[in-house]
Structure formats: C-alpha cells, structure tokens
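Visitor: Have a look at this one.
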Amino acid sequence: MHTHVVVDREITYDGRQLAPHWIYRQFDLLGDAAVSFIGPCHVDLSEMVDIEDVKAQAPIYSPKMLHVIAEFFSSELHTTVYRQRLLIVTAKELLERLTERPVTRTGDDLYLPRSDGAPGKLSVSIATASATSTFIHTGFNIETEGTPVPTVGLAELGVDVPTFAQELLRRYADEVADIWLACCKVRAVG
C-alpha cells in the first residue's frame with residue numbers, strides 16, 4: 001500500500017475526491033494507496049454518499065480538517081468497511097498515546113471531551129465503492145468553528161497535525177500489509 005502526506009498546500013474536501021484513480025491523478029500513486037491532506041470540509045447533500053445523512057438533511061462542514069483518503073482495487077465494500085474501522089482504531093490508539101486522554105469510538109466516529117468537558121466529535125468517516133475500486137474518507141477536525149454538531153479539534157487537543165498524519169498513515173499501512181502477510185502464510189485445511 002502506497003502512502004503520501006501532503007501538508008504544504010490546502011485541498012478542500014467536497015466529496016468529489018471519492019472517485020476512481022483520484023489519488024493516482026493527484027499524487028501519482030498507482031494501486032492501493034492512502035493519502036492525507038489538510039483543508040476545509042464542505043460536503044453538500046448532492047455529493048454525500050451516506051444516504052442516512054442525506055435523509056436527515058445533515059451536510060458535513062468543518063473549517064479545517066486532516067483528511068485521509070484510501071483507495072483499494074482488490075476488495076468489495078464489506079472488506080473496505082473493515083479497513084475503515086481499522087483506520088479508526090489505529091487513529092484512536094495513536095491519539096490516546098499522543099494526548100494521554102481517553103478516546104471514545106462509536107462505530108467509525110471518535111469522540112473526546114472538549115475544553116468545557118462536554119463530548120466533542122473529532123471525526124467523520126465513510127466507506128463506499130465504485131465499479132473499479134473502493135474508498136475510505138476520514139476527516140479529523142483541526143479547527144471547529146461553525147461545525148453543525150459539537151466537535152473537538154486536533155488543535156484544541158495540542159496534537160501536531162503533520163506528525164499525527166505521518167504516523168497514522170505509517171501505522172495503517174503497516175497493519176494492512178501485516179494482514180496481507182497473515183493471509184499468505186497459512187496453508188489450507190480440510
């Protein structure tokens with residue numbers, strides 16, 4: 001799995017990045033890959049793939065997020081949802097180490113207490129499929145002003161975003177590779 005972290009330019013995530021070969025076209029990474037970048041998040045209902053959110057008329061917005069997009073060419077959506085949860089659990093473990101605070105995971109969402117003690121949503125995440133590949137988008141709030149729900153951001157938590165992005169993608173790629181090796185090293189039974 002190829003990985004790449006972009007922190008030197010902002011990219012607005014608007015949902016259109018969940019398209020076949022977007023990572024290849026933008027970052028020249030062919031095949032299974034994950035990239036991260038910083039930028040606003042503004043997903044209109046017309047671009048949302050989460051039908052539950054569309055039915056609830058709940059567009060996604062954050063003034064500044066760390067985005068992770070992954071694309072896989074050899075799996076169905078079910079497997080990609082597992083890979084999405086693996087990304088979230090990897091982020092949870094890393095954040096707990098970096099912040100020395102407990103992080104709550106509910107499905108594919110992460111929560112931490114805000115500075116006022118109330119719970120704040122740190123992330124958004126979705127997995128989906130096209131005819132040629134499957135995708136994950138996960139966004140971690142950096143700044144939270146104007147978000148439609150109570151949120152917490154990496155800046156508020158004192159997390160160095162480029163370091164977190166680099167370490168998260170490294171750990172995630174290592175996990176995906178280790179799972180592949182675990183599949184390859186066993187013999188058939190029966």
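The values are calculated or read from the model by the stated rules, or taken from the named source; none is laboratory data. Keep in mind that what you see is a predicted model, and the values were worked out from it rather than measured. No Cβ is skipped: glycine too gets one built from the backbone with ideal geometry, and neighbour counts run over all protein chains shown.
Visitor: Within the range 71-100, how many residues are surrounded by 13 or more Cβ atoms within 10 Å (Cβ to Cβ), over 16 Å from the mean Cα position of the chain (by Cα) and either over 24 Å from Gln26 (Cβ atoms) or at pLDDT below 95 (or both)?
Guide: 4
Visitor: Can you tell me which of Asp50, Asp44, Asp116 is within 17 Å of Ala19 (Cα to Cα), surrounded by fewer than 16 Cβ atoms within 10 Å (Cβ to Cβ) and at pLDDT below 95?
Guide: Matching residue, one of Asp50, Asp44, Asp116: Asp44.
Visitor: Can I ask one more? Of all residues in the range 132-156, which are over 18 Å from the mean Cα position of the chain (by Cα) and touching a residue at least 60 places away in the same chain (Cβ under 8 Å)?
Guide: Thr132, Glu145, Gly146, Pro148
Visitor: Do we have any residue at all in the range 142-149 that's modelled with pLDDT of 95 or more, within 13 Å of Cys41 (Cβ to Cβ) and of a type in the set (Gly, Ala, Ser)?
Guide: no
The rows are residues; the columns are (1) more than 17 Å from Thr134 (Cβ to Cβ); (2) of a type in the set (Phe, Trp, Tyr).
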{"position": "Trp22", "(1), (2)": "no, yes"}
{"position": "Ala33", "(1), (2)": "no, no"}
{"position": "Ile38", "(1), (2)": "yes, no"}
{"position": "Met65", "(1), (2)": "yes, no"}
{"position": "Ser74", "(1), (2)": "no, no"}
{"position": "Thr79", "(1), (2)": "no, no"}
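Visitor: For the range 1-10: of the residues being within 15 Å of the chain's Cα centre (by Cα) and among the aliphatic types (A, V, I, L, M), which is surrounded by the fewest Cβ atoms within 10 Å (Cβ to Cβ)?
Guide: Val6
Visitor: Return the pair list, or none, for Cβ contacts closer than 9 Å from residues in the range 11-37 that are within 17 Å of Lys64 (Cα to Cα) to residues that are of a type in the set (Lys, Arg) and in a strand (DSSP E or B), at least 6 apart or on different chains.
Guide: Listed by first residue and then by second, the contacts come to Phe37/Arg9.
Visitor: Looking only at the range 49-78, which residues are among the charged types (D, E, K, R) and without any contact (Cβ under 8 Å) to a residue 24 or more places away in the chain?
Guide: Glu52, Asp53, Lys55
Visitor: Please state which of the following conditions Gly158 fails to meet, knowing it meets all the rest: (1) closer than 29 Å to Val54 by Cβ; (2) in a loop (DSSP other than H, G, I, E, B); (3) of a type outside the set (A, V, I, L, M, F, W, C); (4) out of contact with any His (no Cβ under 9 Å at 6 or more places or on another chain).
Guide: Against the list (1) closer than 29 Å to Val54 by Cβ; (2) in a loop (DSSP other than H, G, I, E, B); (3) of a type outside the set (A, V, I, L, M, F, W, C); (4) out of contact with any His (no Cβ under 9 Å at 6 or more places or on another chain), Gly158 comes up short only on (1).
Visitor: Here's a follow-up. Is it true that Arg171 is surrounded by fewer than 18 Cβ atoms within 10 Å (Cβ to Cβ), under 25 Å from Tyr82 (Cα atoms), of a type outside the set (Val, Ile, Thr) and at pLDDT 95 or above?
Guide: Details: surrounded by fewer than 18 Cβ atoms within 10 Å (Cβ to Cβ): yes; under 25 Å from Tyr82 (Cα atoms): yes; of a type outside the set (Val, Ile, Thr): yes; at pLDDT 95 or above: yes.
The answer is yes for Arg171.
Visitor: Would you mind telling me which numbered condition in (1) modelled with pLDDT of 95 or more; (2) within 19 Å of Ala91 (Cβ to Cβ) Ile60 fails?
Guide: Ile60 satisfies every listed condition except (1).
Visitor: Any residue that is in contact with a Pro (Cβ under 7 Å, 6 or more places away or on another chain) and aromatic (Phe, Trp, Tyr) - is there at least one of those in the range 65-88?
Guide: No, because not a single residue in the range 65-88 is in contact with a Pro (Cβ under 7 Å, 6 or more places away or on another chain) and aromatic (Phe, Trp, Tyr).
Visitor: Sticking with this structure for a sec: Would it be correct to say that Asp50 is touching a Pro at 6+ places or on another chain (Cβ under 9 Å) and closer than 19 Å to Thr147 by Cα?
Guide: No.
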